[in-house]
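Report on the structure given below.
Laboratory data are not the source of any read-out in this text; all were calculated from the coordinates shown. Please read these numbers as outputs of a predicted model, since none were measured by experiment. All Cβ positions, even for glycine, are placed from backbone atoms using ideal geometry, and neighbour counts span all protein chains on display.
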Amino acid sequence: MRTASNIVSLWLLVALLFASSPAFAQKTKGKSKQQLQSEITALQDEIDNANRLLKKTKKDKEATLAEATLLDRKIKQREKLIKAYNEQIAVLDAEIKQGQNSIKSLNTDLGKLQKEYAQMIVFAYRNRSHYNALAFVFASDDFNQAFRRLRYIRQLNDARKTKMEQIAATERRISGEVQAGQQAREQQAALLADEKAQQEILKAEKAELNKQVASLKKKEGSLQQDIKSKQQQAKKLQKAVDDIIAEEIRAAKERRKAEEKKGIAPTPAETALSSSFASNKGKLPWPVERGVISSTYGKHASVVSDKVTVTNNGIDIATEEGAQARAVFDGEVTGVTRLTGSNTVVIIRHGDYFTVYSNLENVIVKRGDKVKTKQNLGTVHTSKAENKTELHFELLKEQNRQNPAQWLKK
């Protein structure tokens, strides 16, 4: 009896050890499949927007700087898209390998379980005389022995049942891993085909850009003059914005001093607005409903010539004709001014932060107006000469300029 009990205990220990072993978990370094898919979708949307805008920008056979700039931006986004495809292919490749290793491990476990189950059947067969349960129990010398024999029979039956369930569960897991591996391989094949197609499109786009740049270089002198003129306009805009913001900050300080002299506690509203604005970094809506960043923040070379450096205090967003500029957050209009070359400029204060919307017409707000997130401010101006509609957008914390792209939703 002691020998049989020890064997049953051994089976139960094996069952418990197997049941408590950690399930295989797929983990990948870097971005997840969902993150990469979201990135791919966003990049595809931006490329689609750029294609739509390029069709409208290309009004004749003569290449324009606006068209070349937009095409250059599209090429950069397509390169990012191809990179995202390759990253997702690598993730799927890792999943397939992990799945194969899991199947191998599970098959090893299944073999062990089947072997152990076979040993249990052999043990049961050799001790089959005990398996006439009633006779075995009633042949006991006393009640305690009958109880022990009954418990022994139940333990054997439970152990066999547990082992069968473990075998079935392992077979289901193997089947699931095989199916998941097949799906991953199908996804990978589709992505590889898409990635190859994107490479071909990229090659054609680069050839088109080279052709346009070659055409534009023939009139490089006039283009450089045009870029210089725009940089001068940018400096005028910067000075106008800085002056308005400096005056607003000075007036706010004067108001606070006056309130302190009167014993009035400063209102926490502005502090709360600043905090709320700051907490939304990377989540702010775009200042137009749909568009493509045609010029990034900071210093960078011109598309036409690397000899010409362009400095951008914000970002330029190419959009569709008739597009409305909209506030990216709740705030108060602190300035509306018209500048040559920049059309109408709207500045909104959000506590310690300011947003600037330049190149507008038909502006429908005025200084002192309270505005809400996504509220329309005016129409983005369309240049008939260049056949482009472009909003210039800046973001500052007091008088310190920030990169707006880092604040907007991806």
- Note on the structure: Quick note, region 290-363: a/c under 1.5 would make it rounded; otherwise a/b > b/c is prolate and the rest oblate (a ≥ b ≥ c, C-alpha gyration tensor); here it is prolate
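At a 10 Å Cβ-Cβ cut-off, how would you order I364, I249, fewest neighbours first?
So the ranking, lowest neighbour count to highest, is I364, I249.
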- Item | Likely footprinting exposure, H300, H392, H381, fewest C-beta neighbours within 10 Å first | H300, H381, H392
- Task: Pull out the extension gain between Q44 and K410, defined as 0.36 nm times the separation in residues minus the alpha carbon to alpha carbon distance; nm, one decimal.
- Result: 130.5 nm
- Residues S38, S342 in order from fewest to most other beta-carbon atoms within 10 Å are S38, S342
- In nm, to one decimal, how far is the modelled label at Q37 from the one at A169, with both set 7 Å along Cα→Cβ? 2.9 nm
- Task: Of all alpha-carbon pairs in region 327-410, indicate the percentage at a distance above 20 angstrom.
- Result: 31 percent
- Message: For region 319-409, which trypsin sites (Lys or Arg not before Pro) pass both filters: DSSP loop (anything but H, G, I, E, B) and at most 16 other C-beta atoms within 10 Å?
- Response: K366, R367, K372, K374, K384, K409
- Item | For region 293-301, Karplus couplings with θ = phi - 60° (6.51, -1.76, 1.60), whole Hz, Gly/Pro x | 5, 8, 9, 7, 6, x, 8, 7, 6
- Query: Gain in length, R290 to N387, computed as 0.36 nm per residue apart minus the alpha-carbon separation, to one decimal in nm?
  - Reply: 33.2 nm
- Query: Can you give the Kirkwood hydrodynamic radius for region 220-406, in Å, rounded to one decimal and based on Cα pairs?
  - Reply: 17.4 Å
- Task: Count charges around A323 for me, please; just the other residues with Cβ under 9 Å from its Cβ, Lys/Arg as +1, Asp/Glu as -1.
- Result: -2
